[in-house]
Amino acid sequence: MSGDAGRLARLRLLRTATIGPITWRQLVARFGDAERALEALPMLAARGGGRGPRIADAGAVQREIAAVERLGARYCFVDEPDYPPLLAELENGPPALILRGEMALAERPVVALVGARNASAAACRFARQLAHGLGEAGVTTASGLARGIDTAVHAGSIESGTIGVIASGMDVAFPPENAELQERVANEGLLLTEQPPGTEPLARYFPARNRIIAGLALGTVVVEAAPRSGSLITARLATEAGREVMAVPGSPLDPRAQGCNLLIREGATLVQTVDDILEMIRPIDLRAVRAPASGWQAPPPEDASDSERSRITGLLGPVPVAIDELIRQAGLAPAVVQTVLLELELAGRLERHAGGRVSMRL
């Protein structure tokens with residue numbers, strides 16, 4: 001199925017409650033397209049012991065599509081040729097992006113530059129210099145259009161190519177004072193979000209935004225960050241994705257530098273110049289950046305018997321457990337375990353956590 005009907009079915013599946021990126025990919029892989037997956041949802045949820053999710057209304061999704069078009073934006077699905085290849089490698093990468101600008105910027109080598117919102121003037125100046133230098137070297141920078149370091153990054157690389165990833169709808173600017181910068185990024189660079197128009201930037205959307213930033217990039221550089229900050233979440237997500245993590249050292253007397261110093265202590269590469277960053281990403285085979293997206297396909301799950309369902313359900317509890325450990329203890333094929341997890345999630349009984357872990361909802 002293709003065209004407008006296919007896009008509508010894909011978005012209805014994506015906007016349906018309890019269906020996240022991993023589940024979306026598994027459903028499309030199993031049933032071949034989103035329309036057949038939608039038809040199968042009640043059956044799968046019943047096997048998982050629930051009534052099934054309330055499928056997203058077709059009219060509401062059509063209104064979303066119209067709103068995206070009015071904004072001069074478009075969708076890019078994970079199996080389409082111009083979807084960012086490195087982002088497609090993530091198991092939990094967004095099935096659909098909403099974008100304005102030049103997607104070709106994501107086909108170049110990308111480095112994420114992130115840091116504190118309340119950054120020092122010196123750190124903002126350094127971030128701007130790094131972004132400018134990377135742009136001159138043909139590298140695209142990615143950041144989150146937040147105050148502080150993010151703003152400096154986009155300002156330093158707007159002319160050479162920058163990607164802004166936001167946690168809101170395309171029509172919402174956050175912080176408000178960056179509305180002009182956000183519009184400029186959309187017109188001269190690339191603006192990305194996975195949230196539909198009208199979505200406000202709620203706290204729970206920022207970790208999801210951060211995974212996109214990390215997933216787009218060969219490496220993530222943290223310029224200034226406190227020990228508990230969104231920037232360190234981005235660094236952790238980059239590590240989980242197998243990407244390089246780099247950090248700019250700072251004074252031990254400045255709390256805003258403690259996060260970077262901690263990253264370096266834990267093994268992140270110390271960065272003092274643009275050349276330090278280029279040295280880390282140049283050994284990577286950049287042909288992978290320009291390769292067709294092939295990582296989006298999930299292995300089709302296999303049907304499970306009642307006894308296999310009971311065995312897997314019995315191993316689950318309120319404490320998150322790694323799926324690999326669950327497969328090992330169940331002694332079953334990974335595809336069978338994934339089927340049961342899929343059914344439980346559609347029934348509203350399973351919760352997915354970072355790092356490929358799952359737990360039963362209380």
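Below is a table of values for the structure above.
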read-out: All positions within the stretch 162-174 that are out of contact with any Lys or Arg (no Cβ under 7 Å at 6 or more places or on another chain) and closer than 13 Å to Leu113 by Cα; value: Thr162, Ile163, Gly164
read-out: Unique match (being farther than 19 Å from Thr162 by Cα, in contact (Cβ under 8 Å) with a residue 24 or more places away in the chain and either within 15 Å of the chain's Cα centre (by Cα) or outside the structural domain of Glu159 (by TED's automatic domain parsing) (or both)) among Ala225, Ala241, Ala257; value: Ala241
read-out: Only listed residue being closer than 20 Å to Asp275 by Cα and assigned by TED's automatic domain parsing to the domain that holds Val248, chosen from Gly198, Gly189, Gly169, Gly161; value: Gly161
read-out: Cβ pairs under 9 Å, 6+ apart, first in the stretch 48-65 and more than 27 Å from Gly198 (Cα to Cα) and among the charged types (D, E, K, R), second at pLDDT 85 or above and part of a loop (DSSP other than H, G, I, E, B); value: Arg51/Ala347; Arg51/Gly348
read-out: Single condition Asn178 does not satisfy, out of (1) free of Cβ contacts under 8 Å to residues at least 40 places away in the same chain; (2) in contact with a Lys or Arg (Cβ under 9 Å, 6 or more places away or on another chain); (3) more than 19 Å from Ala123 (Cβ to Cβ); (4) among the polar types (S, T, N, Q); value: (3)
read-out: One residue from Asp285, Asp276, Asp324 being in the same structural domain as Gly133 (by TED's automatic domain parsing), of a type outside the set (Ser, Thr, Tyr) and modelled with pLDDT of 90 or more; value: Asp276
read-out: Residue list for the stretch 123-138, restricted to those being crowded, with 23+ Cβ neighbours inside 10 Å and closer than 16 Å to Gly219 by Cβ; value: Ala127, Leu130, Ala131, Leu134
read-out: Residue check for Thr199: among the β-branched types (Val, Ile, Thr) and either on the phi > 0 side of the Ramachandran plot or buried (at least 21 other Cβ atoms within 10 Å of the Cβ) (or both); value: no
read-out: Total residues in the stretch 9-39, condition without any contact (Cβ under 8 Å) to a residue 60 or more places away in the chain, among the aliphatic types (A, V, I, L, M) and within 16 Å of Asp79 (Cβ to Cβ); value: 4
read-out: Among residues of the stretch 117-140, those that are in a helix (DSSP H, G or I), over 17 Å from Leu278 (Cβ atoms), small (Gly, Ala, Ser) and within 25 Å of the chain's Cα centre (by Cα), counted; value: 0
read-out: Residue ID - surrounded by the fewest Cβ atoms within 10 Å (Cβ to Cβ), chosen from residues in the stretch 112-122 that are aliphatic (A, V, I, L, M) and touching a strand residue (DSSP E or B) at 6+ places or on another chain (Cβ under 8 Å); value: Val114
read-out: Count - residues of the stretch 33-50 that are within 14 Å of Leu350 (Cα to Cα) and out of contact with any helix residue (DSSP H, G or I) (no Cβ under 6 Å at 6 or more places or on another chain); value: 3
read-out: Check on Ala88, surrounded by fewer than 23 Cβ atoms within 10 Å (Cβ to Cβ), small (Gly, Ala, Ser), at pLDDT below 95 and outside the structural domain of Gly138 (by TED's automatic domain parsing); value: yes
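The values are calculated or read from the model by the stated rules, or taken from the named source; none is laboratory data. Computed from a prediction, not measured in an experiment: that's the story for all the values here. No Cβ is skipped: glycine too gets one built from the backbone with ideal geometry, and neighbour counts run over all protein chains shown.
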